[in-house]
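The values are calculated or read from the model by the stated rules, or taken from the named source; none is laboratory data. Here the structure is a predicted model, which is why all the values come from computation and not from measurement. Quick reminder, even Gly has a Cβ in these numbers, built from the backbone with ideal geometry, and neighbours come from all protein chains shown. Ligands, DNA and RNA are excluded from the accessible area calculation, which covers all protein heavy atoms including side chains. Shrake-Rupley method; radii C 1.70, N 1.55, O 1.52, S 1.80 Å.
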Amino acid sequence: QVQLVESGGGLVHPGGSLGLSCAASGNIFSIYAMGWYRQAPGKQRELVARVTHTGSADYADSVKGRFTISGDNARSTVSLQMNDLEPEDTAVYYCNARSLEDYGTDYWGKGTLVTVSS
């Protein structure tokens, strides 16, 4: 079992920056990848960025060059630095952890709201 808690959401103006953090607890050494997803009102949840325990990272095309994801070697934290934010980035952001338990298991945080508005 893995538990995830997000922090760092809030209200920012277009062009501003915001940092998100996620703390993992429980069977953290079963985790092989962590990432961030987001869901805007009326839309499907989508991948924003993810990183493996070896440090390789992937980004959605819409955020590449603006967002940076990072994680530690103990699989206990993952962070997302968001720069040059746009109104289209407004969404609830969810932390995700993928575990080797039971042939692969996804764990989710409860989400943190990011609002980009003038």
Does Gly55 qualify as being among the small types (Gly, Ala, Ser) and farther than 18 Å from Leu18 by Cβ?
yes
For region 31-52, name all the residues that are open to solvent by 30 Å² or more (accessible area, probe 1.4 Å) and either within 11 Å of Ala97 (Cβ to Cβ) or over 11 Å from the mean Cα position of the chain (by Cα) (or both).
Tyr32, Gln39, Pro41, Gly42, Lys43, Gln44, Arg45, Arg50, Thr52
Every residue from region 9-30 that is over 17 Å from Tyr93 (Cα atoms), open to solvent by 30 Å² or more (accessible area, probe 1.4 Å) and within 17 Å of the chain's Cα centre (by Cα)
Ser25
So, of the residues in region 69-108 that are among the aromatic types (Phe, Trp, Tyr) and in a strand (DSSP E or B), which turns out to be surrounded by the most Cβ atoms within 10 Å (Cβ to Cβ)?
Tyr93
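For every residue, the table says whether it meets (1) over 22 Å from Gly10 (Cβ atoms); (2) among the aromatic types (Phe, Trp, Tyr).
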position: Pro41; (1), (2): no, no
position: Gly55; (1), (2): yes, no
position: Ala60; (1), (2): no, no
position: Tyr93; (1), (2): no, yes
Report, ordered by the first and then the second residue, all pairs with beta carbons closer than 6 Å, sequence separation of six or more or different chains, a first member in region 29-48 that is more than 14 Å from Tyr107 (Cα to Cα) and part of a loop (DSSP other than H, G, I, E, B), and a second member that is small (Gly, Ala, Ser) and open to solvent by less than 20 Å² (accessible area, probe 1.4 Å).
Ala40/Ala91
Options Thr77, Thr68: the member that is at pLDDT below 95 and under 12 Å from the mean Cα position of the chain (by Cα):
Thr77
